[in-house]
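Engineer: Pasting a structure here, questions to come.
Please treat every number below as a calculation from the coordinates, not as lab data. All figures in this text were calculated on a predicted structure; none of them were measured in a lab. Virtual Cβ from ideal backbone geometry, glycine too; neighbours counted across all protein chains shown.
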4 protein chains.
Amino acid sequence: MTNTMGNIFKITSFGSSHGKALGAIVDGCPANLKLSVEDIQKELDLRRPGTSNLTSPRDEKDNVEILSGIFNGKTDGTPILAIVYNKDNRSKDYSEFKNKPRPGHGDYTWKSKYGNYDYNGGGRGSGRVTIGHVIGGAIALKILEEFGIKIISHVTQIGDIKGKAVSFDSIEKNVLKNSVGASDLSVAKEMEELILKFKKQGDSVGGVVETIAIGVPPGIGNPVFGKLDGDIAKGLMNIGSVKGVEIGYGFDIVNKRASETNDEFYIEDDLENEYVNHKFIENNEKKAILTNTNTSGGILGGISNGMPIVTKIAVKPTPSISKVQNTVDLEKMENTKIEIKGRHDPCICPRVRIVTKSVLAMILVDHLISSGFIHPNNIKKSKAMEEC
Amino acid sequence: MTNTMGNIFKITSFGSSHGKALGAIVDGCPANLKLSVEDIQKELDLRRPGTSNLTSPRDEKDNVEILSGIFNGKTDGTPILAIVYNKDNRSKDYSEFKNKPRPGHGDYTWKSKYGNYDYNGGGRGSGRVTIGHVIGGAIALKILEEFGIKIISHVTQIGDIKGKAVSFDSIEKNVLKNSVGASDLSVAKEMEELILKFKKQGDSVGGVVETIAIGVPPGIGNPVFGKLDGDIAKGLMNIGSVKGVEIGYGFDIVNKRASETNDEFYIEDDLENEYVNHKFIENNEKKAILTNTNTSGGILGGISNGMPIVTKIAVKPTPSISKVQNTVDLEKMENTKIEIKGRHDPCICPRVRIVTKSVLAMILVDHLISSGFIHPNNIKKSKAMEEC
Amino acid sequence: MTNTMGNIFKITSFGSSHGKALGAIVDGCPANLKLSVEDIQKELDLRRPGTSNLTSPRDEKDNVEILSGIFNGKTDGTPILAIVYNKDNRSKDYSEFKNKPRPGHGDYTWKSKYGNYDYNGGGRGSGRVTIGHVIGGAIALKILEEFGIKIISHVTQIGDIKGKAVSFDSIEKNVLKNSVGASDLSVAKEMEELILKFKKQGDSVGGVVETIAIGVPPGIGNPVFGKLDGDIAKGLMNIGSVKGVEIGYGFDIVNKRASETNDEFYIEDDLENEYVNHKFIENNEKKAILTNTNTSGGILGGISNGMPIVTKIAVKPTPSISKVQNTVDLEKMENTKIEIKGRHDPCICPRVRIVTKSVLAMILVDHLISSGFIHPNNIKKSKAMEEC
Amino acid sequence: MTNTMGNIFKITSFGSSHGKALGAIVDGCPANLKLSVEDIQKELDLRRPGTSNLTSPRDEKDNVEILSGIFNGKTDGTPILAIVYNKDNRSKDYSEFKNKPRPGHGDYTWKSKYGNYDYNGGGRGSGRVTIGHVIGGAIALKILEEFGIKIISHVTQIGDIKGKAVSFDSIEKNVLKNSVGASDLSVAKEMEELILKFKKQGDSVGGVVETIAIGVPPGIGNPVFGKLDGDIAKGLMNIGSVKGVEIGYGFDIVNKRASETNDEFYIEDDLENEYVNHKFIENNEKKAILTNTNTSGGILGGISNGMPIVTKIAVKPTPSISKVQNTVDLEKMENTKIEIKGRHDPCICPRVRIVTKSVLAMILVDHLISSGFIHPNNIKKSKAMEEC
């Protein structure tokens, strides 16, 4: 239950920052999905460090290999093992951190739980374990693509600089035009400078990342304890450094009144509406049901309503900073100080943006299967596929 | 996976607003816990409607019965079925809602998923299903009590009125002194009036509820996909009307820098410190490790660090309002209007406050067992018990 | 994980022999299945004691009530709670057994695990808990009926008396003609007499029960750790008193050679063949693939092949006997003797026969859903239903 | 749920006969267990082919590598990935089998489920996937060793040749003295000759393998649906070619009477009794409770009673034989014939014997953790360890 995510489309992740390899097994991927190494590599390349002045300079290609689960270029229903061998795990001396837990990191809590912790680059507590997330996510994204579902993500805030809302199309285009991954290009430069300012100070800063799924059919998710928003909240909160999750209006809904937030339903005759996914329109229907606002972020009663699923996360300032910090010596049980040298991301939002897409994609695929939209074993037999 | 919560300490919930009964089975409760009907009734009484002018006037005692799992006044390791028979399910005519989904509710999404929905008082989408949550929570709270862990909750915001922070002791006392469940008594009256104002207008309002666990030992939770904060986020988001979850500083952490938010560790010699739970101090230790701030809300790397676990949720305005609203006729596929008469809560924060305590309690017990602090089968054999 | 069975179609069972009630919650039953109290009562009546001279004389009607999950006569996708209140739990004094575990029963092992055990009529270790199994099974059988899948069961051996093989049709008819539930009427009387002989001696005897599913489509089950035969073996072994499980030829396959047991495939043109379930024949197919023998019992590589699924269990002699037996006093830690008076089944095969049907039905429904044959949420949307 | 086994100590298996690699991830192994590559290699070497004239001549060393989960020679609580890269997957032409399912194999059923199957050497349906089982088992066996629990296994029957019962000590020694893995040396040669006779005929034969765990403390397992015997039955039945599972007397219990099979309890003063595991004797106890017979195979009411856990499986004749066999052409939907050339095991019992040990070991470790005997996260904190 600790390193596995999902009920039917399941990913089991493994590996640590400085071990021999990292990666994931995806079990429960339906057979007959075309899948290549490039499909996964593409997403990993977006996630990897060293791509701009905002990320840590660990120079590693993160080349992925698929070791099982593909037969004649397609998934065959068996577990897909995809792996990235660590190369840049230079034998730096981390022994200083052996008994001195880094503030803001999981060192001390891992010690409490396991009686020990891997003090080399954070071990399995490192952000590098999201390689596993992205492997699973790349496969999920490939499935969603087949069904006309799209996931976009962007940075909406760095420190106290907030971007303005732009259209879905603009989000998709603009995030590629700046190293922050912001969609509001009017503040992207400012955000970048803020990050670099903190970097220079040996400090770091947080931000907000919004991730949106478009084209999800109404009817996925479950009531009570298996809600789609519950699973999304868990999936996003489980990403390292995330301290808050919002669906739809999130905390902004608090000082509104129901007559403003009830998202009234209406009949949409124009099926060219960008929210309508034609793959999931029942044969003889000419109309769709939509809501005129989307404060709920596409989920009502734990189940999707066909509107875009909108999520936001709060990302804390990266805890690895080069300033001297107070901590304790776990062996001597006394106060001490620590200085963390080396490679740090002064803000991980640009990279987290790739991970949230993966996490949301995996959750959606899991729910699309468990709600009967995608066939659990053979993607060709999925209802939406047959109708094409 | 839909009506069951927990991995080891598991609750399976059942029932609907206007059906014959509601309740829950708790499976995985260790044997030899003293448990009476009163232990559960006490919490249900705090949750039930009709207790103030802020809640819906459904006049129902919600008397609980325990039908299995107790032997000679103690749990015996077998499933505990606790049930509340519905009495006030007067045969009001709800048929108007049969094809007209209520905005902001799950009617339409349930229809999409199941091809049908129970249009009587919201069916299983009703807030009344939290009777099951509170049954499970009451048992979990009883267990936590045995181990010196306390959970407190309070309303910190209604609409745009925010309460100021007060001490843990004051939270516990003050929430009982006002019908809102606020801890800042200087704004409690104002909050109440705001709720009543919206009620008068046939509208409703949202708020923020903070729930805190004190005395949780360091070392519960898991890395990667089984994080304690992930499970809490899921558990809280799964409560109806919740649109956001925060741990520790939540979204406020975004515009801070790491040197402010890294929660530096220090050695606490004074074991009278209120955060230290003596039940979990190892035999010969005379010191505890604490942090000088708690921006992380007691969780690092998905595992508890011994500091208070601090959570906040955003609660949306109750979607049941008496104003006329636009919706669609699902049969005729045309636009129409709807008017929801009857009993509504103009703000559910005062009652959600009881449910969050239950949810957090259940999650903690589940993790305390799975992390080896509480014996899975026989509470007497728990490490912390033996040492007393 | 202890009182819940199934992955998607899930039953959580509760209650004990002398508690207030027994029953089960079924979660994950697709919506829109017509379901009445009678559907469940019918199966419970077959299971209940007191129906012949071979079963214990506990005179209890086992009237079931459905308390949730049904809306307008159909399942609505929410948890179905069905309950039987105990009536005949007369306050007999069982305190003698408090520290003296009954041989062959779970008393001692429960004590080891939970530090205590319910010594009243076996508590939750009683055969009476199979009321929960049969509730879940009755619902599963109702679903299977919709899809043309039939389950039959019969007693093939009592003590050393073995019945000869008869046709499926004869099994179905003959089991109703004798109190043993045997299909070979030429030995049924003899079996009955053997049971009564042991009863008279204050002893009991075991037997073999065969349970067969006809009409299961090829393609349900999973490879490696989620095999259909693995799940069946678990489900059947979990029934009290079962000490062995066989699929197909079982232990008889050991002294055969592969050329005798390989079940060669052939094309069956005659779709009137009783093994072919027309509901699952693809639209334009005029032929089915069958095997000319069925040593594998309908399962290859953990997945159904379309042939009848054939299972056998070994049932031990009922451990409750009236002879004086040696045991220990758990408090005094010394040897002692025990005499169990009261109501016993001298052979539980006639009643286990009803439970095996239920268990097999639940497993098949779970796999039919998880393999895409039955829609997980709305039975009307199942592929086999649409094609009718 | 398909390629993962276990609830807490979990193994996820991957790979196929002719793919790039096979292996397993073990998640949930407590930290601080000393573990080396040799610990796993040792068991794999016992399982691998080519070790005698009774096994297939595939000449492959099956060298295992550990890619994650070990820190400074010990487990660190993170997932352990152990992998065997395939070397001897020579590009033989298997395309003949593309549309012609091999009788007795899973080809046809996989095709039914996934719309396709890997026809190269059986793909993931190959016995070679038990490399994953043995990896997980080797780690579990290492844990059991720490707690003084021993697992032994032996072949008791090949075809119609049955071995006589010998002592536990003799089982352990004798299995190493013959290529069949039999414990009764008086028939081992005869068994070997029978296998070779069938091999010569291009045919194969089945057998019975008994696997026994000694030193399991009373109190592991669960009631109703989580029984230890249920989990064992599932685990063993899930091994390829297994058609029957017995616990204790199994099917032989059927024609006994309860007064013979009730396993009466008695106080054992002699703690040198080989069944008593001193690690689990409570501090001040000088006596143990045992039974004078063990027809139940160490399990009562689904929970261990401290006696040896005794299991037997029926293994079918290996379906891969070189005789010409009837089958169908799945594309042309017509009858055809098939001839399977190449490497076959004429009897897999000698190798299955290693796999059953692994499976039983994993199940026991899972239950020892979930029943509170082994600490879930830190093996050093286990109760039985502390007391040493």
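Engineer: List, largest first, the extents of the alpha carbons of the range C:1-136 along their principal axes, each in whole Å.
Structural biologist: 50, 35, 23
Engineer: Given labels modelled 7 Å from the Cα in the Cβ direction, how far is it in nm from D:H278 to B:K42?
Structural biologist: 4.7 nm
Engineer: Given springs between every Cα pair under 10 Å in a Gaussian network model of chain B, which of B:G298, B:G122, B:G132 has the largest fluctuation?
Structural biologist: B:G122
Engineer: What span do the alpha-carbon atoms of the range C:164-289 cover on each of the three principal axes, reported in whole Å from largest to smallest?
Structural biologist: Cα spread of the range C:164-289 along its principal axes, largest to smallest: 61, 34, 29 Å.
Engineer: Which part of the range C:92-118 falls in the paramagnetic zone of C:E334, meaning amide N under 11 Å from the point 7 Å along Cα-to-beta-carbon?
Structural biologist: Counting backbone N atoms under 11 Å from the label point, the list is empty.
Engineer: Quick one: plug the Kirkwood hydrodynamic radius of the range D:4-386 (C-alpha pairs) into Stokes-Einstein at 10 °C, 1.306 mPa s, and report D in µm²/s.
Structural biologist: The estimated diffusion coefficient comes to 72 µm²/s.
Engineer: On a 0 to 90° scale, report how tilted helix A:37-47 is relative to the longest principal axis of chain A, with both axes built from alpha carbons and the result rounded to the nearest 10.
Structural biologist: The angle comes out at about 60 degrees.
Engineer: What full-extension length gain, to one decimal in nm, is calculated for A:K286 and A:N72 as 0.36 nm per residue of separation minus the Cα-Cα distance?
Structural biologist: The span from A:K286 to A:N72 would gain 73.1 nm if fully extended.
Engineer: Counting other C-beta atoms within 10 Å, and keeping those with at most 14, which DSSP coil GluC sites (Glu not before Pro) do you find in the range D:209-312?
Structural biologist: When the GluC sites (Glu not before Pro) of the range D:209-312 are filtered for loop state and at most 14 Cβ neighbours within 10 Å, D:E272, D:E274, D:E282, D:E285 remain.
Engineer: Given R₀ = 22 Å, FRET efficiency for A:V324-B:Y266 by Cβ-Cβ distance, to 0.05?
Structural biologist: Taking R0 as 22 Å, the efficiency between A:V324 and B:Y266 is 0.90.
Engineer: Can you list which of the trypsin sites (Lys or Arg not before Pro) found in the range B:73-125 are DSSP loop residues with at most 10 other C-beta atoms within 10 Å?
Structural biologist: B:R90
Engineer: Now, a different point. Which whole-Hz couplings ³J(HN,Hα) result when phi for each residue of the range B:11-16 is put into the Karplus expression 6.51 cos²θ - 1.76 cosθ + 1.60, θ = phi - 60°, listed in order with x for Gly and Pro?
Structural biologist: Whole-Hz 3J(HN,Hα) from phi for the range B:11-16: 10, 10, 9, 8, x, 9.
Engineer: Fewest to most neighbouring Cβ within 10 Å: what's the order for C:H367, D:H375?
Structural biologist: With the sparsest Cβ surroundings first, the list reads D:H375, C:H367.
Engineer: How do C:V365, B:V84 rank when sorted from fewest to most other Cβ atoms within 10 Å of their own Cβ?
Structural biologist: Ascending number of Cβ neighbours within 10 Å: B:V84, C:V365.
Engineer: On full extension of the chain, what length is gained from B:K162 through B:K189, given 0.36 nm per residue of separation minus the C-alpha to C-alpha distance?
Structural biologist: Using 0.36 nm per residue and subtracting the Cα-Cα distance, I get 8.5 nm.
Engineer: Where both partners of a DSSP beta bridge lie in chain D, what percent of those bridges are antiparallel, to the nearest 5?
Structural biologist: In chain D, approximately 95 percent of DSSP beta bridges are antiparallel ones.
Engineer: Now, a different point. Just to confirm the number: angle between the C-alpha axis of helix D:185-200 and the first principal axis of chain D, 0 to 90 degrees, nearest 10?
Structural biologist: Between helix and principal axis, roughly 20 degrees.
Engineer: Let me ask something else. Extension gain A:K20-A:D169, at 0.36 nm per residue separation less the Cα-Cα distance, in nm?
Structural biologist: Between A:K20 and A:D169, full extension yields 49.6 nm more.
Engineer: Further, regarding this structure: Can you list, largest first and rounded to whole Å, the semi-axes you get for the protein assembly as shown by taking the square root of 5 times each eigenvalue of its Cα gyration tensor?
Structural biologist: After scaling each eigenvalue by five and taking roots: 48, 37, 35 Å.
Engineer: Can you tell me the orientation of helix B:130-146 relative to chain B, as the angle in degrees between its alpha-carbon axis and the longest Cα principal axis, to the nearest 10?
Structural biologist: 10 degrees
Engineer: Using the basic label-point model (7 angstrom from Cα toward the beta carbon), what is the C:Y85 to D:K380 distance in nanometres?
Structural biologist: Roughly 5.7 nm, to one decimal.
Engineer: Given +1 on the Cβ of Lys and Arg, -1 on the Cβ of Asp and Glu, and no further charges, what dipole in debye does chain D carry about its Cα centre, rounded to the nearest 20?
Structural biologist: Charge dipole, chain D, about its Cα centre: 1440 debye, nearest 20.
Engineer: What ³J(HN,Hα) values, in whole Hz, does the Karplus curve 6.51 cos²θ - 1.76 cosθ + 1.60 give for the range B:299-305 when θ = phi - 60°, with x put for Gly and Pro?
Structural biologist: 9, 10, x, x, 10, 5, 10
Engineer: Another question about this same structure. Under a point spin-label approximation (7 Å from Cα along Cα-to-Cβ), what is the A:E96-B:R343 distance to one decimal in nm?
Structural biologist: In this crude label model, A:E96 to B:R343 measures out at 6.5 nm.
Engineer: Inside 10 Å of the C-beta atoms of C:20-27, what's the mean count of C-beta atoms belonging to other chains?
Structural biologist: Taking all residues of C:20-27 together, the mean is 5.
Engineer: Of the GluC sites (Glu not before Pro) in the range D:298-388, which ones lie in a loop per DSSP and count no more than 14 other C-beta atoms within 10 Å?
Structural biologist: D:E331, D:E387
Engineer: Sort C:K341, C:K173, C:K100 by Cβ crowding within 10 Å, fewest neighbours at the top.
Structural biologist: The most exposed by this proxy come first: C:K341, C:K173, C:K100.
Engineer: Continuing with the same structure: If you average the sequence gap of Cα pairs under 8 Å that are 6 or more apart and divide by the length of chain B, what percent do you get for the contact order?
Structural biologist: This gives 22 percent for chain B.
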